[in-house]
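Only one structure is covered here, and it is reproduced in the block below.
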């Protein structure tokens, strides 16, 4: 049975993805109809702002929900197994954005990113190095949190709880041990929440950094690609789930 937070975030996520699809359709219209940008790119920039605001809304809601139940975001029931397979600390891996930029820049079809200047490419490469360091910092912290589970104090607490119950300890003794365990677990959950936010900040820094380098028109093309990837991954995952249900 899903927890209250899982149900609440599942509802939010479904609505958020539906809104993302609507925004994608608007982006596609903008890219097809250049006449909407007669003022030198104002409409492109407005669409970029709408998409970035939509992503900020996601993280604001996510952080509020994770504060109540952070474990739900490490095993998200609102995602398909396919989506979960590509998760990096509760979300997409920042370095993926740079591979996407490179793919769009070198694509045979040649969109607006094909016209990136040497200066833009240089800035993207510098950002890539900076974000790689952020990723490594997140992974080191995640490893530290995982190692902390085997910390001497945690092991001793687990042993004390087992001994207290096995030897028929007094209710007060068992309660005291349980209280210590609860405090320790709360600290572990706080550590996981910290790592999740570090990873999310790296994602937001990547998104902002890339968009700051690209022109409004290039930013729209980049956001179209990222949005389509998110939406298609979800659709492919749901389709696979339905196929598995039919087989069983």
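General observations
- Any hit, the stretch 228-236, residues being in a helix (DSSP H, G or I), touching a residue at least 12 places away in the same chain (Cβ under 8 Å) and more than 24 Å from residue 52 (Cβ to Cβ): yes
- Residues in the stretch 78-100 that are exposed (fewer than 14 other Cβ atoms within 10 Å of the Cβ) and modelled with pLDDT of 95 or more: 99 alone.
Let's see how each residue does on (1) modelled with pLDDT under 85; (2) in a helix (DSSP H, G or I); (3) surrounded by 14 or more Cβ atoms within 10 Å (Cβ to Cβ):
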| residue | (1), (2), (3) |
| --- | --- |
| 8 | no, yes, yes |
| 11 | no, yes, no |
| 18 | no, yes, no |
| 23 | no, yes, yes |
| 28 | no, yes, yes |
| 31 | yes, yes, yes |
| 36 | yes, yes, yes |
| 54 | no, yes, yes |
| 61 | no, yes, yes |
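- If you go through the stretch 195-248 and keep only what is surrounded by 15 or more Cβ atoms within 10 Å (Cβ to Cβ), modelled with pLDDT of 95 or more and farther than 24 Å from residue 18 by Cα, you end up with 195, 196, 197, 198, 199, 202, 205, 209, 210, 213, 214.
- Pick from the stretch 104-125, criterion surrounded by fewer than 14 Cβ atoms within 10 Å (Cβ to Cβ), modelled with pLDDT under 95 and assigned to a helix (DSSP H, G or I), ranking: nearest to the chain's Cα centre (by Cα): 106
- For first residues located in the stretch 126-143 and on the phi > 0 side of the Ramachandran plot and touching a residue at least 24 places away in the same chain (Cβ under 8 Å), partners that are loosely packed, with under 13 Cβ neighbours inside 10 Å and in a helix (DSSP H, G or I) and lie 6+ apart or on another chain with Cβ distances below 8 Å do not occur.
- Some residue of the stretch 208-216 being closer than 21 Å to residue 53 by Cα, touching a residue at least 40 places away in the same chain (Cβ under 8 Å) and outside any helix (DSSP H, G or I): yes
- Here residue 128 meets the list (1) modelled with pLDDT of 95 or more; (2) under 23 Å from residue 222 (Cβ atoms); (3) surrounded by fewer than 17 Cβ atoms within 10 Å (Cβ to Cβ) almost entirely, failing just condition (3).
The values are calculated or read from the model by the stated rules, or taken from the named source; none is laboratory data. Note that the structure is a prediction, hence the values are computed from the model and not measured. For neighbour counting, all protein chains shown are included, and Cβ atoms are generated from backbone atoms with ideal geometry for every residue, glycine included.
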